[in-house]
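Structure record follows, encoded as structure tokens.
The values are calculated or read from the model by the stated rules, or taken from the named source; none is laboratory data. Computed from a predicted structure; not experimentally measured. So basically every Cβ, Gly included, is an ideal-geometry build from the backbone, and we count neighbours across all protein chains shown.
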Amino acid sequence: MNTGFYGYTAITIYGEEVSMQTYRKQFVLVVNTASECGYTPQYAGLQTLYEKHSDSLTVLGFPCNQFGEEEPGDAESIRSGCLTTYGVTFPVFQKICVNGKNTHPLYQYLKKKCPGSNGNAIEGNFTKFLIDPMGCPMKRFSSSVTPEEIHQYLKKQGGL
């Protein structure tokens with residue numbers, strides 16, 4: 001069984017199961033998001049990055065309520081609230097856990113492949129993981145790293 005990035009699935013905010021195989025041959029930026037977080041305005045930058053490079057990069061949003069209860073709503077309130085406010089059209093998935101015993105399997109994998117400054121734990125919302133077009137996790141970015149900085153990183157790496 002493939003246990004790499006492409007071996008995982010997740011359920012969209014609309015209830016559809018999606019294989020990460022869908023994003024083969026693209027850079028993928030996996031982000032745990034929240035609607036009531038100091039970093040929530042990063043949705044706008046993530047959307048811009050997605051629109052500007054949709055042929056070579058996709059953004060995947062994973063709402064999470066594990067940090068200060070900053071994503072308290074259900075799927076409908078997330079769709080009609082924050083996603084609408086920021087005009088988000090990139091794929092967004094059902095709310096998940098990124099730490100603890102109920103950590104989503106994709107996040108278990110990503111944390112193992114790209115540990116952070118405090119070990120494997122995710123330290124806050126809007127932590128980002130960059131996956132290369134071959135499905136290999138490249139880098140983990142802290143919450144404070146903006147989508148614009150990731151764009152510059154990718155340009156320096158020759159990715160965009």
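Quick look at the values:
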quantity	calculated
Any hit, the stretch 115-126, residues being assigned to a helix (DSSP H, G or I) and farther than 23 Å from Ile13 by Cβ	no
The stretch 1-18 - residue that is among the polar types (S, T, N, Q) and farther than 17 Å from Val59 by Cβ and, of those, modelled with the highest pLDDT	Thr9
Single condition Ala75 does not satisfy, out of (1) more than 23 Å from Ser142 (Cβ to Cβ); (2) at pLDDT 95 or above	(2)
The one condition in (1) assigned to a loop (DSSP other than H, G, I, E, B); (2) more than 13 Å from the chain's Cα centre (by Cα) that Glu76 fails to fulfil	(1)
Residue among Phe67, Phe90 that is part of a loop (DSSP other than H, G, I, E, B), under 15 Å from Ala10 (Cβ atoms) and out of contact with any Asp or Glu (no Cβ under 7 Å at 6 or more places or on another chain)	Phe90
Residue match in the stretch 69-77 (condition: within 11 Å of Ala34 (Cα to Cα) and in contact with a Ser or Thr (Cβ under 6 Å, 6 or more places away or on another chain))	yes
Residues (of a type in the set (Gly, Ala, Ser), surrounded by 13 or more Cβ atoms within 10 Å (Cβ to Cβ) and outside any strand (DSSP E or B)) located in the stretch 1-37	Gly4, Gly7, Ala34, Ser35
Subset tally (residues that are modelled with pLDDT of 95 or more and farther than 19 Å from Gly4 by Cα) for the stretch 101-120	2
Residue in the stretch 103-141 that is surrounded by the most Cβ atoms within 10 Å (Cβ to Cβ), counting only those that are among the hydroxyl-bearing types (Ser, Thr, Tyr) and within 12 Å of the chain's Cα centre (by Cα)	Thr127
Hits in the stretch 78-98 - residues which are over 26 Å from Ser56 (Cβ atoms), surrounded by fewer than 18 Cβ atoms within 10 Å (Cβ to Cβ) and free of Cβ contacts under 8 Å to residues at least 60 places away in the same chain	Ser80, Gly81, Thr84, Thr85, Cys97
Residue within the stretch 6-22 that is within 13 Å of the chain's Cα centre (by Cα) and among the aromatic types (Phe, Trp, Tyr) present	no
Condition met for Lys139 (of a type in the set (Lys, Arg), more than 23 Å from Tyr14 (Cα to Cα) and assigned to a loop (DSSP other than H, G, I, E, B))	no
Of all residues making up the stretch 109-137, the number that are aromatic (Phe, Trp, Tyr) and within 19 Å of Leu46 (Cα to Cα)	2
Residue within the stretch 38-58 that is buried (at least 18 other Cβ atoms within 10 Å of the Cβ), in contact (Cβ under 8 Å) with a residue 40 or more places away in the chain, of a type in the set (Val, Ile, Thr) and within 18 Å of His104 (Cβ to Cβ) present	no
